[in-house]
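The values are calculated or read from the model by the stated rules, or taken from the named source; none is laboratory data. Note that the structure is predicted; figures quoted are calculated from it, not measured. Counting neighbours? That spans all protein chains shown, and the Cβs are built from the backbone with ideal geometry, glycine included. Note: accessible area is taken over every heavy atom of the protein model, side chains too, but ligands, DNA and RNA are not part of it. Shrake-Rupley method; radii C 1.70, N 1.55, O 1.52, S 1.80 Å.
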Amino acid sequence: MPPGPYEVFEHGADYGVRGFGPTLEAAFENAARAMFSIAVEPLSAVRPLRRIAVEAEAPDEELLLVEWLNALLAAASLEGIVPGDCRARISDGRLAGEASGEPFDPARHRGGTEVKGATLTLLRVAREGEGYLAQCVVDV
Amino acid sequence: MQTSDLHQISESCFEIPAVGLMNVPARLFADRALLEGMDEKVREQISNVARLPGIVTAAFAMPDAHWGYGFPIGGVAAFDPRQGGVISMGGIGYDISCGVRALRTGLPEEEVRPRLEEVATALFERVPAGIGSEGKIRLDRRGLDEVLLGGARWAVEQGYGEPGELEFVEERGRMEGADTGAVSDTAKSRGLNQIGTLGSGNHYLEVQVVDQVHDADAASAFGIAAGEVLLTLHCGSRAIGHQVATDYQRELGKAARRLGLSLPDRELVCAPIDSPEGRRYYGAMAAAVNGALANRQVIAALAARAFRSVLPEARVGILYDVSHNTCKVEEHEVDGARRRLWVHRKGATRAFGPGHPDVPAAYREVGQPVLVGGTMGTGSYVLAGTSASAGLAFASACHGAGRSMSRNEALRHWRGDRLQRELASRGILIKGHSLRGLAEEAPGAYKDIDDVARATHEAGLARRVARLRPIACVKG
């Protein structure tokens, strides 16, 4: 059994992010939460003050995960927020998602390591047990 | 890494012969101890690089190599477009033109030490750093295009530093071939307010003392002497570079599929240098390089002003500025013929030897300064390119200590606040924007910088000029 819905795992100089869930969407959302937990802790302390919307498309589910994470990083950086929560809907290889958060506030948020991009390293999207797993390494 | 099956070429160079689908051999520069400490993945990745089309001579790993994505960090490879050579995003990385700039202050440690707390505070307050930080420079799209075309020259025109400093920046402060049309709107929008910001992660601004001089002639040419204080910064192109990398990870992936390139690893996404996608990526990358050169020029000026606000007698001036995540078009001699090659250095520093026309006149007799960033608790190095370096690995050397422990493992071993106190007790003042970031960057999580510098020196890639010891560090 996975230790929780998401986790950050070891990878050389960077970090791996891994999400689990009963559906592909849930696994993608949890992978995104893992990624943002590197930038800000705890995610529960992030208030949903601003919302961003993203879309992603890719030839397969694994590349779609990378597109989704990179779209979130770009949109969050443009809006100047760290997201605390993310939602994704996937149909026919297209993803429409949104995230909510607030600007990083050193007084209330710990963490503060910026993620530069989601990579194709250790990229894996697969059925696992009753649900799904979605993971890749992110460059920090 | 298993070393028994490697072919030893010299004391500090080992070869993986070209077998199977490898077009050329792979060569690892390190002594046996460093090599044994290297991840097995370095061997796998550098062997995969050797399979890329149009690669020339060999794929190289520097003594600080570790597991990256696509190329290992510390990977070097040159490609010839006339032989179908490629340009690879995996050979440059996310933080395009991340690099190091060192500034002389003209002051000895005794004069800085009593005011160190004020100096560190001034640097911390005046140089924006940390996640989400923005600079004071506000640009519109047109202004940003000027940055991406002008590099450090743009920054000097805006009043950040002097024109004479540009000679001491690679590419004389401005990389040719930048194509702002190849940089996405997203990349530009993300970069609008980030010029003059340090970022986070392993980026830093450090006050260092010349601890030990290894080569008195070269040190004298570089204008440094034992006991003197330097200001050194490590950062890159910020979100512009990250977004260009992200965009072209996708674009080059499509190109590789369109052209039916068989890639040993999908992280090695690439396109022929002479293809529309390859040319666009080069143009976008060169634009991001200019973004990084402008960024370091602005930060250096802000840091110099901060330093002089506390110690007005300081004469702060540039020693040199290197980039260590790049692809550059260079002429190299291969088997007796001059060839124009696209040299990828991913976590590796260019190291031109004595006499090279691109080395500033003041340093030409001794070779290009190679600035190697170590850790906040141990040290850093100034090396110099050697006459042999061009023939060894297309004039390339190491770039840092190289991690030996993952960030997660570092977080289990150290706590930011305790580390800060421990370093303070050793006379090293740390100002950090993130306690977690400090723990991730704990000196113990890196290879021994002295071993890396020694191996680089012994391999002949670059020679040791001076060791630098940190006395204060601002971490992003």
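Just one of A:31, A:26 is open to solvent by less than 10 Å² (accessible area, probe 1.4 Å) and small (Gly, Ala, Ser); which is it? Walk me through it before giving the result.
Numbers: A:26 fails: open to solvent by less than 10 Å² (accessible area, probe 1.4 Å).
So the residue among A:31, A:26 that is open to solvent by less than 10 Å² (accessible area, probe 1.4 Å) and small (Gly, Ala, Ser) is A:31.
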Q) Residues that are under 20 Å from residue B:124 (Cα atoms): which strands (runs of 3 or more DSSP E) entirely in the range B:370-476 hold 2 or more of them? A) B:429-432, B:462-475
**Q.** Among the candidates A:44, A:77, residue that is within 13 Å of another protein chain (Cβ to nearest Cβ) and open to solvent by 30 Å² or more (accessible area, probe 1.4 Å)
**A.** A:77
Q. Residues of the range B:151-164 being part of a helix (DSSP H, G or I) and over 23 Å from residue B:369 (Cα atoms), which ones?
A. B:154, B:157
(Q) Condition first: of a type in the set (Phe, Trp, Tyr) and either more than 7 Å from chain B (Cβ to nearest Cβ) or farther than 22 Å from residue B:441 by Cβ (or both). Now tell me which residues in the range A:10-29 satisfy that. (A) A:20, A:28
Q) Inside the range B:66-114, counting only strands (runs of 3 or more DSSP E) that do not spill past its ends, which hold 2 or more residues that are surrounded by 24 or more Cβ atoms within 10 Å (Cβ to Cβ) and within 11 Å of another protein chain (Cβ to nearest Cβ)? A) B:73-79
Q: Could you please let me know if residue B:301 is at pLDDT 95 or above, hydrophobic (A, V, I, L, M, F, W, C) and in a loop (DSSP other than H, G, I, E, B)?
A: no
**Q.** Unmet criterion (only one of (1) under 29 Å from residue B:252 (Cβ atoms); (2) of a type outside the set (A, V, I, L, M); (3) crowded, with 18+ Cβ neighbours inside 10 Å) for residue B:13
**A.** (1)
Q: Restricting attention to the range A:128-140, report how many residues are in contact with a helix residue (DSSP H, G or I) (Cβ under 9 Å, 6 or more places away or on another chain) and over 13 Å from residue A:66 (Cα atoms).
A: 5
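Considering only the range B:28-50, state which residues are open to solvent by 10 Å² or more (accessible area, probe 1.4 Å) and in contact with a Lys or Arg (Cβ under 9 Å, 6 or more places away or on another chain). Before you say what the answer is, go through the steps one by one.
First pass over the range B:28-50, keeping only residues open to solvent by 10 Å² or more (accessible area, probe 1.4 Å): B:31-34, B:36-37, B:39-41, B:43-44, B:47-48.
Those that are open to solvent by 10 Å² or more (accessible area, probe 1.4 Å) and in contact with a Lys or Arg (Cβ under 9 Å, 6 or more places away or on another chain): B:31, B:34, B:37.
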Q: Give the residue that is most open to solvent (accessible area, probe 1.4 Å), with candidates limited to residues of the range A:110-139 that are outside any loop (DSSP other than H, G, I, E, B) and facing chain B (nearest Cβ under 9 Å).
A: A:110
Q) What number of residues in the range B:400-423 are over 28 Å from residue A:18 (Cβ atoms) and open to solvent by 30 Å² or more (accessible area, probe 1.4 Å)? A) 5
Q | Count of residues meeting criterion [charged (D, E, K, R), touching a residue at least 60 places away in the same chain (Cβ under 8 Å) and more than 8 Å from every other protein chain (Cβ to nearest Cβ)] in the range B:253-274 | A | 2
Q) Looking at the range B:175-196, which of its residues are away from every other protein chain (no Cβ under 14 Å), under 27 Å from residue A:115 (Cα atoms) and not in a helix (DSSP H, G or I)? A) B:175, B:178, B:179, B:195, B:196
Q. Mind checking which pairs have a first residue in the range B:231-252 that is facing chain A (nearest Cβ under 9 Å) and a second that is surrounded by fewer than 24 Cβ atoms within 10 Å (Cβ to Cβ) and in a strand (DSSP E or B), Cβ under 9 Å, 6 or more apart or different chains?
A. B:242/A:139; B:245/A:139
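Hey, among B:167, B:171, which residue is on the phi > 0 side of the Ramachandran plot and either in contact with a His (Cβ under 7 Å, 6 or more places away or on another chain) or part of a helix (DSSP H, G or I) (or both)? Can you show your working first?
Details: B:167 fails: on the phi > 0 side of the Ramachandran plot.
Being on the phi > 0 side of the Ramachandran plot and either in contact with a His (Cβ under 7 Å, 6 or more places away or on another chain) or part of a helix (DSSP H, G or I) (or both) holds for just one of B:167, B:171, which is B:171.
Matching residues to (1) within 30 Å of residue B:401 (Cβ to Cβ); (2) out of contact with any Gly (no Cβ under 6 Å at 6 or more places or on another chain); (3) modelled with pLDDT under 95; (4) not in a helix (DSSP H, G or I):
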{"residue": "A:8", "(1), (2), (3), (4)": "yes, yes, yes, yes"}
{"residue": "A:15", "(1), (2), (3), (4)": "yes, yes, yes, yes"}
{"residue": "A:19", "(1), (2), (3), (4)": "no, yes, no, yes"}
{"residue": "A:25", "(1), (2), (3), (4)": "no, yes, no, no"}
{"residue": "A:30", "(1), (2), (3), (4)": "no, no, no, no"}
{"residue": "A:59", "(1), (2), (3), (4)": "no, yes, yes, yes"}
{"residue": "A:68", "(1), (2), (3), (4)": "no, yes, no, no"}
{"residue": "A:73", "(1), (2), (3), (4)": "yes, yes, no, no"}
{"residue": "A:108", "(1), (2), (3), (4)": "no, yes, yes, yes"}
